[in-house]
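For reference, the structure is listed below as structure tokens.
Read-outs: derived from the displayed coordinates by stated rules, not from any lab. Everything quoted here is computed from the prediction, not taken from an experiment. All Cβ positions, glycine included, derive from the backbone under ideal geometry; neighbour counts span all protein chains shown.
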Amino acid sequence: MVPTKLDHCVIHVSDWARSNKFYADVMGAELVQRPAGWAYRFGDKQLNVHGPGVQPAEVARLPVQPGNSDLCFEWAGPIEGAIAHLTAQGIAVERGPMQRFGAKGPGTSVYFRDPDGSLMEFMSYS
């Protein structure tokens, strides 16, 4: 077994204020201010964020662009709670609920978009 675990992923946003509000209010992220821009932390996992004013290290062959990410977050509790939360935040459910397969096996998911159009998924294993 290789001693690894996921540390962070990278997304790109086009408007800090709009995205910070979405990721804090809708996704439950802790906003972490960086020397240039922000990161979004979820417990011991993090989304590093490229956006206005950030000059990322030129490592990726194709840099992440606003709207081209696809991320799934586990929802703790029944999927109906996720739907109610999204509705209360004014976020439209694009697809679901539907059966999917995630890191813990079968679950129920709903899909929606962040402000730049990236695909977001809440998955419930309840």
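Residue count for the stretch 20-40 satisfying the condition of being aliphatic (A, V, I, L, M), in a loop (DSSP other than H, G, I, E, B) and surrounded by 13 or more Cβ atoms within 10 Å (Cβ to Cβ): 3.
If the condition is being surrounded by 10 or more Cβ atoms within 10 Å (Cβ to Cβ) and of a type in the set (Lys, Arg), then the stretch 1-19 contributes only ARG18.
For the stretch 49-98, the set of residues classified as surrounded by 14 or more Cβ atoms within 10 Å (Cβ to Cβ), of a type in the set (D, E, K, R) and without any contact (Cβ under 8 Å) to a residue 24 or more places away in the chain consists of GLU80 only. Taking the stretch 49-123 and the strands (runs of 3 or more DSSP E) fully enclosed by it, the elements with 2 or more residues that are over 16 Å from ALA24 (Cα atoms) are at 95-102, 105-113.
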